[in-house]
Every structure is written in C-alpha cells, then in structure tokens.
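Notes for the one structure printed next.
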Amino acid sequence: MRYVSGVIMALGLIAASPSVLAQPAPSETFGYSVNAPDFTAAEATRRLGSASLTFWVEGTLLRVAARASTPAVRLCCTVQPDMQALGEGLWGLTLVFPDLNRSVIALQTSADPTTQLYWRGPDAPAEPEAVAKLSGSLEEVEIDSVHLKARRKLTLYTPKSPPPPEGYPVVYMADGRAVSGFAWVVERLIDEGVIRPVVLVGIWSGEGRATNGGFDQRNREYLPSPKVDPQAYADHEAFVLKEVMPLVEARYKVSTRRADRLTYGFSAGGSWSLSFALRHPDAFAQGASAGMSAGPGRFTFSGTEDVTLYISAGRYDQFYSGAEKTCLKAQAAGLTCHFAGMYAGHDPFVWNLALLDTLKAVFPARTEP
C-alpha cells in the first residue's frame with residue numbers, strides 16, 4: 001500500500017443547524033402537497049424580473065415561478081415535482097407545507113442548476129456558526145488500494161488541540177469530500193467546548209458508471225444488499241478495515257477504543273455507515289446516518305449488536321419512512337436507536353444537522369471533576 005499526502009484548502013461550509021434535531025419527528029401523516037400554480041403568467045413575470053427562478057410565501061403556501069426555454073422543467077432539490085407551463089417560457093407551482101415556518105427548503109430547477117434559492121422559516125433554527133479561520137488542518141491522502149485495485153482518496157481533519165493520552169476520538173465518514181466543509185462547523189463546537197477534539201476521516205466514494213443493475217460504483221460499495229453487489233461491498237469493507245484504519249492509526253494520534261470510534265454517512269453513505277458499524281461491533285460502539293437510502297429490509301438485527309444507532313432524515317425526503325422504520329426495527333430487536341426527523345429534504349441541511357448533534361451526543365466535552 002502506498003500513499004501520498006498534501007495539505008488542501010477548505011471547500012466551504014455545508015449549511016445547517018444542530019438544534020433542529022431537538023425537534024420531535026413529525027407524524028407519519030405529515031408532508032406537503034403539490035398543486036397547480038394559482039397565479040398567472042403576468043404575476044410570474046412581475047415576480048421574476050430578470051431572474052430565472054423566484055418564490056414567495058403566504059401562510060403555508062410556497063409559490064415558485066421559473067423562466068426556461070426547455071420543453072420540461074423539474075423542481076429540485078428539497079422536493080422534486082415537475083413544474084407546470086404558464087406559457088411564454090414561464091413555469092410555476094404552488095406547494096403547501098403545513099409547517100413551512102419551521103422548514104428549510106432548497107430550490108433550483110433542472111433548467112438552471114446554477115441558481116439556488118433557500119427558504120428558512122422564521123421558526124427554523126439558524127445556521128450553525130463556523131470558525132472564521134480554520135486552526136486545525138485539512139489533509140488529502142491518496143491510497144493505492146490492494147483490495148479495491150484502484151487509487152482512492154481520504155480527506156482528514158485534525159484539530160489544533162493536543163491529543164489526549166488515549167488519542168483523539170475519530171469519525172470514519174463516507175463521501176469523504178464533505179469533510180472539507182464539515183470541519184469548519186465541527187471546529188467551532190470544539191473551540192466552544194461543546195465537544196471533545198475529534199479527527200474526521202473522510203473516505204472518498206468510488207467512481208464508476210451504473211451497471212445493468214442500475215447501481216454506480218458508489219452504491220455498489222455502500223449498499224448492504226446481496227441484490228446490489230456483495231463483492232464490491234466486501235472489497236470496500238476490507239479497504240476500510242485493513243487499509244484505511246491501520247493507516248490512520250499509525251499516522252495520527254487517534255484512539256483505538258470502540259467507544260471513541262463513530263461511523264457517519266449520508267444518503268447511500270448513511271446506509272454504509274450503519275451497516276459497517278453493525279457488522280463490526282468489536283471496532284465501533286456507534287454508527288450514524290442521515291437520509292440513508294437503505295430501508296428496513298436491508299438490515300437484519302440479531303439483538304446482540306452492542307452498537308448505538310443515530311438515524312436522521314428530512315420529513316420531505318423520499319427515504320424518511322424507511323429510515324424511521326429501520327430505527328423502529330432496531331429498537332424492536334433490543335438495540336438502542338435514536339431517530340430524529342426535521343423539516344427539510346434530502347439535502348446538506350440534514351447531513352450537517354445529523355453530524356453535529358451526533359457528535360454532541362457521542363463525544364461531549366469532558367467536565368472537570
């Protein structure tokens with residue numbers, strides 16, 4: 001195994017707020033509805049001005065207007081319905097969110113992915129604060145993997161604080177590019193004495209086109225299902241266990257105690273983070289996921305796994321119900337599982353919330369006796 005490294009610059013902040021996880025999960029009947037636009041092309045033109053996308057809010061209604069010359073326009077990203085034509089290259093929708101005041105909604109269209117708008121309700125938590133300047137270090141490490149038979153990257157964040165005698169707690173994360181954004185808000189929690197100094201190990205996902213089964217390389221490595229690609233999952237599992245973790249533990253002052261290790265991931269990466277921790281309870285005492293794509297049918301709980309689970313999802317996410325049912329299934333088997341629902345979708349708002357609140361629960365700052 002060969003690796004090279006170099007210091008990299010942070011790529012920005014993933015916007016979110018940790019306190020949303022304190023809200024109770026919405027009920028199964030909670031959701032939103034999509035309606036035909038209740039406004040005219042003239043109103044859309046007035047609201048848009050020279051822009052390609054706009055929205056306005058009235059009570060529980062969120063009205064969206066767009067300008068595009070394409071034959072069809074799809075709304076993204078918190079919700080993803082097709083927009084309806086108003087004529088003259090104008091498009092619209094009227095969305096109803098019963099808890100719009102508590103929601104965070106990300107908006108863009110398939111016609112113009114460069115324009116992104118956000119609605120944050122007046123009762124939604126504010127974005128978390130990030131440090132103005134990162135004092136810890138971000139480093140990129142490249143591994144020529146024996147098990148993957150490919151070169152794969154890691155992004156690591158190490159705090160400025162000196163390590164404790166037993167080593168830093170460590171988070172092994174799927175979709176490792178995101179570490180360069182997470183580091184800024186995680187360091188703020190460290191500086192404020194909310195959590196212990198932690199090391200973030202971001203394991204980059206594989207790249208490869210979808211096969212006949214419809215799964216790309218990332219999903220083949222991340223999804224814990226015999227119907228996807230068991231060999232790809234096993235190869236990635238061996239890569240993390242036998243290459244990534246030994247490298248990190250040899251090069252960085254991280255703890256090797258299972259109580260000081262956490263897995264984390266979002267979307268398909270969340271499916272991996274939960275399954276990986278559950279398959280290796282001797283190495284991990286906890287696993288966390290946000291908006292995971294795998295549902296309860298992808299997990300079998302024996303009841304003997306000594307792993308605490310933290311599962312989060314946005315209520316407007318298509319995977320919300322599956323995530324909630326997975327947690328209930330784990331609880332029924334005797335595992336400790338914490339579920340958190342929030343008024344958002346399948347997006348970075350949720351990823352950030354889940355990580356920050358899990359860190360506060362798993363690695364709180366130590367208090368002096």
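The values are calculated or read from the model by the stated rules, or taken from the named source; none is laboratory data. The model shown is predicted, which means the values in this text are computed figures rather than measured ones. Every residue, glycine as well, gets a Cβ built from its backbone with ideal geometry; the counts of neighbours run over all protein chains shown. Please note that ligands, DNA and RNA were not included when accessible areas were found on the heavy atoms of the full protein model with its side chains. Shrake-Rupley method; radii C 1.70, N 1.55, O 1.52, S 1.80 Å.
Could you list, in sequence order, the residues of the range 168-193 that are closer than 15 Å to residue 130 by Cβ, in contact (Cβ under 8 Å) with a residue 24 or more places away in the chain and more than 21 Å from the chain's Cα centre (by Cα)?
Across the range 168-193, the qualifying residue is only 191.
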* Asked: Taking the range 323-363 as the region of interest, how many residues are over 22 Å from residue 182 (Cα atoms), open to solvent by 20 Å² or more (accessible area, probe 1.4 Å) and not charged (D, E, K, R)?
  -> 6
* Asked: Name the residues in the range 262-283 that are within 9 Å of the chain's Cα centre (by Cα), assigned to a strand (DSSP E or B) and not hydroxyl-bearing (Ser, Thr, Tyr), would you?
  -> 265, 266
* Is it true that some residue in the range 306-315 is polar (S, T, N, Q), buried (at least 21 other Cβ atoms within 10 Å of the Cβ) and assigned to a loop (DSSP other than H, G, I, E, B)? -> no
* Which of the residues belonging to the range 59-82 are without any contact (Cβ under 8 Å) to a residue 40 or more places away in the chain, open to solvent by less than 60 Å² (accessible area, probe 1.4 Å) and assigned to a loop (DSSP other than H, G, I, E, B)? -> 73
* Filter pass, residue 284 being closer than 20 Å to residue 357 by Cα, open to solvent by 20 Å² or more (accessible area, probe 1.4 Å) and in contact with a helix residue (DSSP H, G or I) (Cβ under 8 Å, 6 or more places away or on another chain) -> no
* Asked: In the range 212-258, which residues are more than 20 Å from residue 275 (Cβ to Cβ) and either open to solvent by 50 Å² or more (accessible area, probe 1.4 Å) or assigned to a strand (DSSP E or B) (or both)?
  -> 212, 246, 249, 250, 251, 253, 254, 256, 257
* To do: Of the conditions (1) touching a strand residue (DSSP E or B) at 6+ places or on another chain (Cβ under 7 Å); (2) within 13 Å of residue 203 (Cα to Cα), residue 277 clears all except one; give me its number.
  => (2)
* **Conditions (1) open to solvent by 20 Å² or more (accessible area, probe 1.4 Å); (2) among the β-branched types (Val, Ile, Thr); (3) within 20 Å of residue 285 (Cβ to Cβ); number of the one not met by residue 186** => (1)
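Just to be sure, is residue 299 among the hydrophobic types (A, V, I, L, M, F, W, C) and over 28 Å from residue 119 (Cβ atoms)?
The answer is yes for residue 299.
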* Asked: Which residue pairs have Cβ atoms under 6 Å apart, sit 6 or more places apart or on different chains, and have a first residue in the range 324-345 that is within 19 Å of residue 314 (Cα to Cα) and in contact (Cβ under 8 Å) with a residue 24 or more places away in the chain and a second that is in a loop (DSSP other than H, G, I, E, B) and among the hydroxyl-bearing types (Ser, Thr, Tyr)?
  -> 343/103; 345/78; 345/316
* Structure fact -> Every listed condition ((1) open to solvent by less than 50 Å² (accessible area, probe 1.4 Å); (2) under 30 Å from residue 232 (Cβ atoms)) holds for residue 164 save (2)
* Asked: What residue, among those in the range 103-159 that are among the β-branched types (Val, Ile, Thr) and open to solvent by less than 30 Å² (accessible area, probe 1.4 Å), is farthest from residue 233 (Cα to Cα)?
  -> 131
* Residue ID - nearest to residue 48 (Cα to Cα), chosen from residues in the range 90-102 that are open to solvent by 30 Å² or more (accessible area, probe 1.4 Å) and not in a helix (DSSP H, G or I) -> 96
